[in-house]
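Bear in mind that the values in this text are calculations on the coordinates, not laboratory data. What you are looking at is a predicted structure, and each value in this text was computed from that prediction instead of being measured. Positions of Cβ are generated from backbone atoms using ideal geometry, with glycine treated the same way; all protein chains shown enter the neighbour counts.
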Amino acid sequence: MTDLNTLEADVLAQVAAASDLQALDAVRVAAVGKTGSISGLLKTLGAMSPEERKTQGAAINALRDKVADAIGQKKAALEAAELDARLASETLDLSLPAPYRRKGSVHPTMQTMDEMVAIFAEMGFAVAEGPDIEDDFHNFTALNFPEKHPAREMHDTFFFNPKESGERMLLRTHTSPVQVRTMVSQKPPIRIIAPGRTYRCDNDATHTPVFHQVEGLVIDKGIHMGHLKWTLETFLARFFETDAVTTQFRPHHFPFTEPSAEMDVQCDRSGGEIKIGQGTSWLEILGCGMVHPNVLRACGIDPDEYQGFAFGMGVDRLGMLKYGMPDLRDMWSSDVRWLSHYGFSAFAAPNPASGLS
Ligand code: DAH
């Protein structure tokens, strides 16, 4: 009996001393596990006399129950303590300031677009918008593209499947249809820019199937190429943040303007990078011209009374030039390293008064 009392005191002391669930389980295995001390005592019952077995059996079973009970209670206490410790260590103090982690940034194309809008807004231009999914009339016909003319093919147009009526909608190939929508819905004088997405089936280092343009349109009495030149030169000097730029018009053809021109800006390419406002090279930067009388007529404006100029430029290209990004395809790669390098803070909205970039 002394043995049992000693064993009980010993095991209960070990249970009490177990400081965590793992230690408690080790005590359990050592006492009541298959080869544990108490289990070992139970195995000795078979060799006892029936008398002895009666008393000893009852005593050993009582000991086993007592120990199991103590282990159960200790286990519950340890689990409760563990939960308390976790709750204490995992509390979240919502009043603390959030750790600074830069998660997103403004894409350079959007930043460039915002800068362009800010400059033209300061010059008195309103922003006009039109749908990305256009019809043939607004994208081509009203802009004086003759039916079946190869210029329509040159645009590498994404067409939708024909409707029941046979009409085929398309993804606008340029922002020029917004000119048409504006002239149809507003009376001159008109002074708008139309920033937006444009689409062409084209993909290499300098072309992506989706790109961005800013269109410009001015309609009033007595408008001429001089107004166009001043507007664009003033814009370019502001955009490239130089005192002045030198530009040249190169004769070109667009169906919707007559005369039409491409504008080049003087630049320096000597140091491996392009610097605007100096040097001996020319860089093609945009298309422009005087609005064709047929376009004015298609929009219900009398060309004998009103004239206008228009221009269109690629936002992604201008952004590449300004911020030194070499490959247009990177713009769409969603590489967070590229985005965090070239991206802009959402709080730095372009503003001609405080600075553009
Ligand atoms: N729509 C032309 C293009 O995407 C760009 C353009 C050229 C727009 C001349 C104009 C313009 O308004 O006058 O290639």
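General remarks:
- Segment Thr242-Ser333, extension gain: residue separation times 0.36 nm, minus the distance between their alpha carbons: 29.7 nm
- Evaluated at q = 0.11, 0.14, 0.18 Å⁻¹: base-10 log I(q)/I(0), Debye formula over Cα of segment 105-252: -0.51, -0.82, -1.27
- All lysines inside 17 Å of Lys54 as judged from Cα atoms, apart from same-chain residues fewer than 8 positions distant: Lys43
- Part-to-part distance (alpha-carbon centres) for segment 1-27 and segment 295-357, which is given in Å: 78 Å
- Order of Cys267, Cys288, Cys299, Cys201 under a 10 Å beta carbon neighbour criterion, fewest first: Cys201, Cys299, Cys267, Cys288
- For Asp268 and Lys148, the difference between the fully extended length at 0.36 nm per residue and the C-alpha to C-alpha distance is 39.1 nm.
- Extension gain from Asp65 to Trp282, taking 0.36 nm per residue of separation minus the Cα-Cα distance: 68.5 nm
- Qualifying chymotrypsin sites (Phe, Trp or Tyr not before Pro) in segment 97-148, where qualification requires a DSSP coil assignment and no more than 15 other C-beta atoms within 10 Å, comprise Tyr100.
- Rounded, prolate or oblate (a/c below 1.5 giving rounded, otherwise prolate when a/b exceeds b/c) for the chain by Cα gyration tensor: prolate
- Summed side-chain charge close to Lys75 - residues other than Lys75 whose Cβ falls under 12 Å, Lys, Arg +1, Asp, Glu -1: -3
- Segment 29-104 and segment 179-200 have Cα centres lying 79 Å from one another.
- Counted charge near Leu42, where neighbours are those whose Cβ lies closer than 13 Å (Asp, Glu -1; Lys, Arg +1): +3
- Estimated from helices alone, the mean residue ellipticity of the chain at 222 nm is -12500 deg cm²/dmol (sum of -39500 (n - 2.57) over DSSP H runs with n ≥ 4, per residue).
- Segment 135-144 - phi-based ³J(HN,Hα) in whole Hz, Karplus 6.51/-1.76/1.60, Gly and Pro as x: 9, 4, 4, 6, 7, 10, 4, 5, 8, 6
- Residues with amide H under 5 Å from that of Thr246, placed H, sequence gap 5 or more: Gln266, Gly277
- Cβ-derived FRET efficiency at R0 25 Å, Thr91 paired with Leu21, nearest 0.05: 0.65
- Sorting Trp230, Trp332 from the fewest to the most surrounding beta carbons within 10 angstrom yields Trp230, Trp332.
- Inter-part distance where segment 235-255 and segment 111-162 are each reduced to a Cα centre, Å: 20 Å
- Charge tally for Arg200 (other residues, Cβ to Cβ under 14 Å; Lys, Arg +1; Asp, Glu -1): -3.
- In order along segment 178-190, the Karplus-derived 3J(HN,Hα) couplings, from 6.51 cos²θ - 1.76 cosθ + 1.60 at θ = phi - 60°, round to 5, 4, 4, 4, 5, 5, 5, 9, 10, 8, x, x, 10 Hz, and Gly and Pro are given as x.
- Cα gyration tensor, segment 171-315 - rounded (a/c under 1.5), prolate or oblate: oblate
- Annotation for segment 170-247: GluC sites (Glu not before Pro) lying in DSSP loop with at most 11 further Cβ atoms inside 10 Å of their Cβ do not exist.
- Of the trypsin sites (Lys or Arg not before Pro) found in segment 23-120, those that fall in a DSSP loop while having at most 16 other beta-carbon atoms within 10 Å are Lys34, Arg101, Arg102, Lys103.
- Whole-Hz ³J(HN,Hα) from phi, Karplus 6.51 cos²θ - 1.76 cosθ + 1.60, for segment 265-280, glycine and proline x: 10, 5, 8, 10, 10, 5, x, x, 10, 9, 10, 8, x, 7, x, 10
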